[in-house]
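The values are calculated or read from the model by the stated rules, or taken from the named source; none is laboratory data. What you see is a predicted model; the values in this text were computed from it and never measured. Glycine also receives a Cβ, built like all others from the backbone with ideal geometry; neighbour counts cover every protein chain displayed.
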Amino acid sequence: MPNLPDYHIHTPFCGHAGGEMEEYVLAAREKGLPEMGFADHLPLFHIDDPTLAMAQSDLPLYIDRVRQIQEANTDYPVRLGIEADYISTHLDQVAEALARYEFDYVYGSVHFIGGWGIDQSRFKFEFERRDINDVYESYFGLVMEAARTGLFDVMTHLDVVKKYGHRPTIDMKPLYRDVARTLAVSNVAVELNASGLSRPVGEIYPSLEILEILHEHGVPITFGSDAHKPSQVGREFDQLLSLARSAGYTDYVGFVARERIPQPLPPIPE
Ligand SMILES: [Zn+2]
Ligand SMILES: [Zn+2]
């Protein structure tokens, strides 16, 4: 297990994760991760679905629970993060919720193109009805809009649009360069996210092709399992590390109070 923090850990508050929060901490400690961070789903303001994200009334409870866990683990760094959806029609509410608490970092994610939940299997049929190249362009357009808002420190699962294996038929490099430039000027990092390995696409988010472009543009990286069960903490971190190295990275960043803390990447284990 490489010596890397897992910054993407969910909790039962979101309605689709199992286990107790303490079990996630125990898993991170037992796996020897140098630090961990909870990043559960911020309430969604555009739809009411208790299986997708925590309820608005749960947000203060989530913060309190993370604070309690920090107090019970003073010898181990547990960061307070959050994963916030980019919903262009509800940005004021997102901004207001994020400003209310002192997060260590805020993850931004795009799970919706308009009302379409692109990573939900129940809406997968929509990919068959649309032009995949257009879907990619709309999706990454939203990623760039999200980055420009200044609300997010890190974009997570940057190319989650590939989740079910739908691939563009044209060269997307020019689009990926625009994305990388936008992230760089907006001071937004990108997470290497292991969850794609257990999805139909069977790949880390983002792909090596995208990660190389991000590296050329100096976009920093973080690491996350996207754990929704304690056993998933730190999953496939060997693969995340080798992908980062393959793309040319020698450093990653941690976060405390929304400040980047640059760290050298550990060597690839024998
Ligand atoms: Zn989730
Ligand atoms: Zn997500």
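Structure data summary
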quantity	calculated
Residue in region 203-221 that is within 14 Å of ligand 2 (Cβ to nearest atom), in contact with a Ser or Thr (Cβ under 6 Å, 6 or more places away or on another chain), under 25 Å from Phe127 (Cα atoms) and at pLDDT 95 or above present	no
Condition check for Leu151: within 15 Å of the chain's Cα centre (by Cα), within 16 Å of ligand 2 (Cβ to nearest atom) and farther than 17 Å from His228 by Cα	yes
Condition met for Ala39 (touching an Asp or Glu at 6+ places or on another chain (Cβ under 6 Å) and modelled with pLDDT of 95 or more)	yes
Members of region 229-252 found to be at negative phi and surrounded by fewer than 19 Cβ atoms within 10 Å (Cβ to Cβ), listed by number	Lys229, Ser231, Asp238, Gln239, Ser242, Arg245, Ser246, Thr250, Asp251
Criterion: of a type in the set (Ser, Thr, Tyr), touching a residue at least 40 places away in the same chain (Cβ under 8 Å) and within 16 Å of ligand 1 (Cβ to nearest atom) - qualifying residue of Tyr252, Tyr205	Tyr205
Boolean, Glu102 is surrounded by fewer than 21 Cβ atoms within 10 Å (Cβ to Cβ), in contact with a Leu (Cβ under 8 Å, 6 or more places away or on another chain), part of a helix (DSSP H, G or I) and not hydrophobic (A, V, I, L, M, F, W, C)	no
Close pairs from region 64-83: first farther than 23 Å from Val253 by Cβ, partner not in a loop (DSSP other than H, G, I, E, B), Cβ under 6 Å, at least 6 apart	Arg65/Met21
Tally, over region 1-42, of residues that are under 20 Å from Tyr86 (Cα atoms) and either more than 14 Å from ligand 2 (Cβ to nearest atom) or outside any loop (DSSP other than H, G, I, E, B) (or both)	9
Qualifying positions in region 46-94 - assigned to a loop (DSSP other than H, G, I, E, B), farther than 16 Å from His10 by Cα and either over 19 Å from the mean Cα position of the chain (by Cα) or modelled with pLDDT of 95 or more (or both)	His46, Ile47, Asp48, Asp49, Asn73, Thr74, Asp75, Tyr76, Pro77, Tyr86
